[in-house]
Structure formats: structure tokens, C-alpha cells
Amino acid sequence: MLQLTVFPLEQPGGTFYYAKVKTTDLLNGLEIRRRSKRGDGVQRDLDLRRIRDIADYLSTADAILPTPLVISVEKAELVTDENGTQILHIESNANGHWGEIIDGQHRYEGLLTTKSFNSYEIPVCIFVDLAIEDKATVFATINSTQVKVPKSYIYDLFDYTDSNVPAKFCHDVCKTLNYDPDGPLTRRVKMLGRKLDDSEVLSQGALVDSMIPLITSDVRQDDKDARAGVPLRDDPVPPLRPLYAEASTVVFAKVVRNFLEALRLVSGDNWERYALRSIGVKVFMRLLGHLAKEGMQHGNLSRDYFFEHLSKIQPEIQACTTTLGTNKKAEEETVNRLIAALSAVAPS
């Protein structure tokens, strides 16, 4: 029998209990019933990538897990001791489980796979003797009423981060470009993901996402190393990684500005129609990465360098269109076409 000190909460839908549970009591103590496997299940199938992401985060030195697991237990008795403390006595079922997870299975699985498993006490929200329809209602209500936070807003919160994590670095670059007095992206970026001015057309989320591959090929590892104060590992793939390793946001922003100034001159009307769309910035940041490899080798990432190369494929740049779509396939096809055009005009 598991005994937990609890805090009862009375709400219109009934009574439930908050408590904290040691990780050792979680191990093998909770059951997950998935709808794809059994008729009385309410859980989705696991997303393995999400589990890895949670486990990686929980392995960091400053990780916290404040959101409670929502658990249903079959049998429990509430007892008040001589000090007025309320204790819930929970019986295990025939399979040895004392509870069933109603919400939080990915947090639970991520926790079980982290090396720092024993470092946590976990908040739990406990319902007693829920019928299957009530379990489904709780799950559906929690997961259908959550509003996804825009990625632009999440990136903007990296203002408060001191570590040189990739998202923080690219957010600072984005901010520099947006508030540059006379740059190509001056006041064109929706920093919070929504328009505050009619001039803002490009989301910070799209811009930051397009810059991150220029500095890292393993965001999670670089994030972990930066937060731990560990020197960044060598990574020859991202073309502008040396600028990230040196925390040179000003220099990186200057390189992006040089490229975008050249692109604006070359693209004509397609600057507004395509380049400043989410699909456009993804395509052209990849083209920047392609050109930056050679530029870094020769120590030349000037506007003139980029203009010299981009002007050779001006017709192809001006032919970029969203009529092909704005998905990953359209992005790949456009990037491949532009790189092939650059290769065709390169000196032999």
C-alpha cells in the first residue's frame, strides 16, 4: 500500500488530490492504457522523439518538472492523523499497479529514461475510482483546451537566458536585424509571432528556425553544453558555426544582413512576394549556408561577395514562387534548383 500526504481540492466536477511522489514509487507503479492496444484505454501511442527531448531536458543541471502527472487510482482511503495531516492510502491492483496515468505519459517515460531519475520528486494529481468515460473526459479536456504558444513568443523569452544556447544566439541575431536602423529587415519581423505594425511580415519563429542550421547540427547537445558551461564540440557541417562558438552575434548578424541586402537588390518584386515569406526565408537561408562555405574559406562574406553570386542566377531567384506550395517538398525543390543554377555558372 502506498501512503501519500495529500491536499484535497473540491471543484464542481468532484474531489481530487495533489501530492508529491518519489521517483522510486513511480517505477513499475503506474499503468498506461493505450487506446490502440485495449478497449478501455485513453492514451495515445508514444511519440519517441518527444520522449527523447524530455529526457534530454531532464538530464540538464537546472531542469525542473513542475506539471503534475494526472493519475487515476482504483481504491483509496483518506485518513486524517492526529496532526490534522491528510493521508491517502492507495491500494495496488492485481497487477501491482497503484495508479493509471491519465495525462503525462511522455513526461513519465522521459523521466524513466533519464540518468538523473532519482533526483526528482514528482507532483501528481490523483482521482479516485474514475469511470472510463470520466477518464476520457479528463484527458480530452486537458488536451483539447491547451493553446499552443507561438514559437516566436518562445524564442523571445530567450532574452532572459544568459547561456549561449543556439536559440538564444539566433534570437539575439534576429533582434539585431529587426532593430537595425536601416537594414533589410528593419521592423519587418513579428517578434512575438503576431503583427504589432503593418510593416511586420516575417515571424521570428521562421527566421530563427532558418538560422539555427547555419550554426549547429545538434541543437540539444549544444544547448546542454552551453548551459553546463562546457566548450562547444567541433562540428564541421554548419558553415557559420565558428561565429556561434565565438558568441559573435554582431558579426553573424552582419553576415546575414550582407546576404539579405544583396538578395533584395537581385530579387526585385520577389523580395516582398517571396523572400519575406516563411518559405522564402527558409530557402534563402539555406542558400546563404551554401555560399557561406566558400566565403568562410576566403574570408569574404561581404555584400559584394553575395551580390556577385546571386546576380548570376537572378532569373532563377525572381522565378521563385509559392505556387509550388510552402511545404518541405517545395522548399527542397527550390533550394536544389537554385544551387544547381549556381553550380552551372560557377567558373570551371
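The values are calculated or read from the model by the stated rules, or taken from the named source; none is laboratory data. A quick note: this is a predicted structure, and the numbers were derived from the prediction, not measured. Cβ placement follows ideal geometry from the backbone for every residue including glycine, while neighbour counts extend to all protein chains displayed. Heads up: the accessible areas ignore ligands, DNA and RNA and are worked out on the full protein's heavy atoms, side chains in. Shrake-Rupley method; radii C 1.70, N 1.55, O 1.52, S 1.80 Å.
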Check your understanding: Which one is surrounded by the fewest Cβ atoms within 10 Å (Cβ to Cβ) among residues in the range 1-37 that are out of contact with any strand residue (DSSP E or B) (no Cβ under 8 Å at 6 or more places or on another chain) and free of Cβ contacts under 8 Å to residues at least 40 places away in the same chain?
Key -> 12
Revision key, fill the gap. Of the listed residues (280, 325), the one being open to solvent by less than 50 Å² (accessible area, probe 1.4 Å), under 30 Å from the mean Cα position of the chain (by Cα), modelled with pLDDT under 95 and more than 19 Å from residue 345 (Cα to Cα) is 325
Point to revise | Looking only at the range 199-227, and only at residues there that are of a type in the set (Val, Ile, Thr) and in a loop (DSSP other than H, G, I, E, B), the one that is most open to solvent (accessible area, probe 1.4 Å) | key: 201
Point to revise | Residue check, residue 65 open to solvent by less than 80 Å² (accessible area, probe 1.4 Å), in contact with a strand residue (DSSP E or B) (Cβ under 9 Å, 6 or more places away or on another chain) and not in a strand (DSSP E or B) | key: yes
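Quick grid of which residues meet (1) touching a strand residue (DSSP E or B) at 6+ places or on another chain (Cβ under 9 Å); (2) not in a helix (DSSP H, G or I):
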{"residue": "175", "(1), (2)": "yes, no"}
{"residue": "187", "(1), (2)": "no, yes"}
{"residue": "260", "(1), (2)": "no, no"}
{"residue": "264", "(1), (2)": "no, no"}
{"residue": "282", "(1), (2)": "no, no"}
Review point. With respect to residue 300, is the statement that it is of a type outside the set (D, E, K, R), loosely packed, with under 14 Cβ neighbours inside 10 Å and within 23 Å of residue 238 (Cβ to Cβ) true?
Key: yes
**Study point:** Selected residue (only one of 75, 37, 20 is charged (D, E, K, R), more than 27 Å from the chain's Cα centre (by Cα) and modelled with pLDDT of 90 or more)
**Key:** 20
Check your understanding: Name the residues in the range 100-127 that are in contact with a Pro (Cβ under 8 Å, 6 or more places away or on another chain) and either of a type in the set (Asp, Glu) or surrounded by 18 or more Cβ atoms within 10 Å (Cβ to Cβ) (or both), would you?
Key -> 104, 122, 124, 125
Review point. With respect to residue 122, is the statement that it is closer than 21 Å to residue 24 by Cβ and within 24 Å of the chain's Cα centre (by Cα) true?
Key: yes
Practice item. Might you let me know whether the range 263-274 holds any residue that is under 29 Å from residue 221 (Cα atoms), of a type in the set (Gly, Ala, Ser) and crowded, with 17+ Cβ neighbours inside 10 Å? Key: no
Practice item. Take residue 230 and decide whether it is without any contact (Cβ under 8 Å) to a residue 24 or more places away in the chain and loosely packed, with under 15 Cβ neighbours inside 10 Å. Key: yes
**Study point:** Test: residue in the range 116-124 that is in contact with a strand residue (DSSP E or B) (Cβ under 8 Å, 6 or more places away or on another chain), of a type in the set (Gly, Ala, Ser) and either under 20 Å from residue 52 (Cα atoms) or part of a loop (DSSP other than H, G, I, E, B) (or both)
**Key:** no
Check your understanding: Considering 306, 252, which residue is open to solvent by less than 10 Å² (accessible area, probe 1.4 Å), at pLDDT 95 or above and touching a Gly at 6+ places or on another chain (Cβ under 9 Å)?
Key -> 306
Practice item. Considering every residue within the range 145-165, establish whether at least one is in a helix (DSSP H, G or I), out of contact with any helix residue (DSSP H, G or I) (no Cβ under 9 Å at 6 or more places or on another chain) and surrounded by 14 or more Cβ atoms within 10 Å (Cβ to Cβ). Key: no
